[in-house]
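Trainee: Sharing a structure below in structure tokens format, with a few things to ask.
The values are calculated or read from the model by the stated rules, or taken from the named source; none is laboratory data. Please read all numbers here as calculations on a predicted model, not as lab measurements. No Cβ is skipped: glycine too gets one built from the backbone with ideal geometry, and neighbour counts run over all protein chains shown.
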Amino acid sequence: MATYLDFEENIKNIEDDIIVAKTKADEYAVTILEKKLKEEVEKTYSNLSDFQKLKLARHPDRPYALDYIRGLMTDAHEIHGDRHLADDAAIVCYLGYIGDVKCVVIGEQKGRGVKNKIKRNFGMPNPEGYRKALRAAKMAEKFNLPILFLVDTPGAYPGIGAEERSQSEAIARNLFELSDLDTTVISVVIGEGGSGGALAISIGDRLAMMRYSVYSVISPEGCASILWKDQAMVETATKALKITSSDLKEAELIDDVIEEPLIGAHRAKEDAIKALGDYFISKVKELKPLSKDEKYEARYQRLMSLGSFD
């Protein structure tokens, strides 16, 4: 069963009517309703508020990292463990092919259903997750394989155990090591990019966001709690934070926006997965002719320009 958000109610009603018309084999009604549906989708999704885009980024039907991995990769083999403590299921690492490009894909996985969400820790990695990601990235560097990072987390896990095992050091180590990695690195925010938990796998040659993803230093709920001490101000906080792909592209904090289908990745998963795959392949080919020094210089200039403004 599809999950509909409050502003998608009209779309749900029309889709229900289409199902009824198809059951009755009323082709004329189906044609009229499909035209009406297309117009409603255009009207609804062309005028979304920042808060509505946040809801889409968190939509339970939105493709997660493993959906992209399974939809894009062939001959894929999972890489487990950080070689220090454990295998954090909130981070998934795969070696395989996207098209004809042999690569390593590393993503944050939220999980569906109660058991899976608990297994994946709701997409909040522990330190061993970031160390596993770094180990896989270093392996990719050793064999000169491009890396695709899939960012989708509310944030790094803030538990006592994570802090005892040096959560902040694990994130900082990734920032340091990934910025100096000698291979092509493409990062894509596919859903929710929250705080240092997202930043830890966002460093590379290109940083892109799916159309309806968000990327922020703090969740709107956390921002509302700190600034206004009122959860009713979440919508205001969302707008003030400028966390949408269009806002971040305008501020030159990301390189590209991947145009997932207007109706959203949660309604057109295959098209969204294809769009991300095409983007990754195109950027790998674009960066391939660069020498090591040229790539390092371009990466350095991109990272150093973050936060500058007139």
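Trainee: I want to confirm something. Restricting to region 249-264 and keeping residues that are at pLDDT below 95 and of a type in the set (A, V, I, L, M), which single residue is nearest to Asp152 (Cα to Cα)?
Mentor: If we take residues in region 249-264 being at pLDDT below 95 and of a type in the set (A, V, I, L, M), then Ile254 is nearest to Asp152 (Cα to Cα).
Trainee: Has region 63-72 got any residue that is surrounded by fewer than 18 Cβ atoms within 10 Å (Cβ to Cβ), more than 28 Å from Phe7 (Cα to Cα), without any contact (Cβ under 8 Å) to a residue 24 or more places away in the chain and not small (Gly, Ala, Ser)?
Mentor: Looking through region 63-72, at least one residue is surrounded by fewer than 18 Cβ atoms within 10 Å (Cβ to Cβ), more than 28 Å from Phe7 (Cα to Cα), without any contact (Cβ under 8 Å) to a residue 24 or more places away in the chain and not small (Gly, Ala, Ser).
Trainee: Please give the helices (runs of 4 or more DSSP H) falling wholly within region 14-94 in which 3 or more residues are among the charged types (D, E, K, R) and over 27 Å from Gly193 (Cβ atoms).
Mentor: Those helices (runs of 4 or more DSSP H) span 27-45.
Trainee: Same structure again: Take region 179-210 and flag every residue that is surrounded by fewer than 24 Cβ atoms within 10 Å (Cβ to Cβ) and of a type in the set (A, V, I, L, M, F, W, C).
Mentor: Leu181, Leu199, Ile203, Ala208
Trainee: So, one more: With Ala272, Ala237, Ala298 as the choices, which residue is in contact with a Cys (Cβ under 6 Å, 6 or more places away or on another chain) and among the aliphatic types (A, V, I, L, M)?
Mentor: Ala237
Trainee: Moving on. Pick from region 122-154 the residues that are farther than 17 Å from Val104 by Cβ and part of a helix (DSSP H, G or I): which of them is nearest to the chain's Cα centre (by Cα)?
Mentor: Filtering first and then ranking leaves Gly123.
Trainee: Sticking with this one: Is there a residue in region 291-304 that is in the same structural domain as Ile190 (by TED's automatic domain parsing), in a helix (DSSP H, G or I) and within 29 Å of Val41 (Cα to Cα)?
Mentor: No, the conditions are met nowhere in region 291-304.
Trainee: Okay, moving on. Taking interchain pairs and intrachain pairs at least six residues apart, which have beta carbon atoms under 9 angstrom, with the first residue in region 271-292 and over 14 Å from Leu148 (Cα atoms) and modelled with pLDDT under 95 and the second hydroxyl-bearing (Ser, Thr, Tyr) and crowded, with 20+ Cβ neighbours inside 10 Å?
Mentor: Lys288/Thr184; Leu290/Thr184
Trainee: Kindly indicate the residue of region 219-241 that is in a loop (DSSP other than H, G, I, E, B) and without any contact (Cβ under 8 Å) to a residue 24 or more places away in the chain and also surrounded by the fewest Cβ atoms within 10 Å (Cβ to Cβ) among those meeting that condition.
Mentor: So the residue we want is Lys229.
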